[in-house]
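Just below is one structure, and these are the notes that go with it.
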Amino acid sequence: MNSQIVGLRVAGTVFGIMALAQLTRLVIRAEVLLGGFLLPLWPSALAFVLLGSLSVWMWWLAHQPRD
């Protein structure tokens, strides 16, 4: 197995785990304080979409046929 493919799969997995963490925050509506300021939920929704997209993209690239 090519080291680039392994790298893409690892990156895809890490992005996927991070996306699931953001989704979990959205589902349980966990409060996050940042410097005494309550962070709203919409950044987690944005992060979920972005990280989920990156995860799918990395896995898609890892499964592309090589020349």
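The values are calculated or read from the model by the stated rules, or taken from the named source; none is laboratory data. Everything numeric in this text was worked out from a predicted model, so none of it was measured. Glycine also receives a Cβ, built like all others from the backbone with ideal geometry; neighbour counts cover every protein chain displayed.
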**Message:** When you scan the stretch 42-59, do you find a residue that is part of a helix (DSSP H, G or I), polar (S, T, N, Q) and under 8 Å from the mean Cα position of the chain (by Cα), even just one?
**Reply:** yes
**Request:** Determine if the stretch 27-36 includes at least one residue that is of a type outside the set (Gly, Ala, Ser), modelled with pLDDT of 95 or more and surrounded by 14 or more Cβ atoms within 10 Å (Cβ to Cβ).
**Result:** no
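Considering only the stretch 6-22, state which residues are surrounded by 17 or more Cβ atoms within 10 Å (Cβ to Cβ), under 10 Å from Leu51 (Cβ atoms) and either among the aliphatic types (A, V, I, L, M) or out of contact with any Leu (no Cβ under 6 Å at 6 or more places or on another chain) (or both).
We begin by selecting, within the stretch 6-22, every residue surrounded by 17 or more Cβ atoms within 10 Å (Cβ to Cβ); these are 8, 11-12, 15-16, 18-19, 22.
Narrowing further to those that are under 10 Å from Leu51 (Cβ atoms): 15-16, 18-19, 22.
If the condition is that a residue be surrounded by 17 or more Cβ atoms within 10 Å (Cβ to Cβ), under 10 Å from Leu51 (Cβ atoms) and either among the aliphatic types (A, V, I, L, M) or out of contact with any Leu (no Cβ under 6 Å at 6 or more places or on another chain) (or both), then Gly16, Met18, Ala19, Gln22 are the ones that fit.
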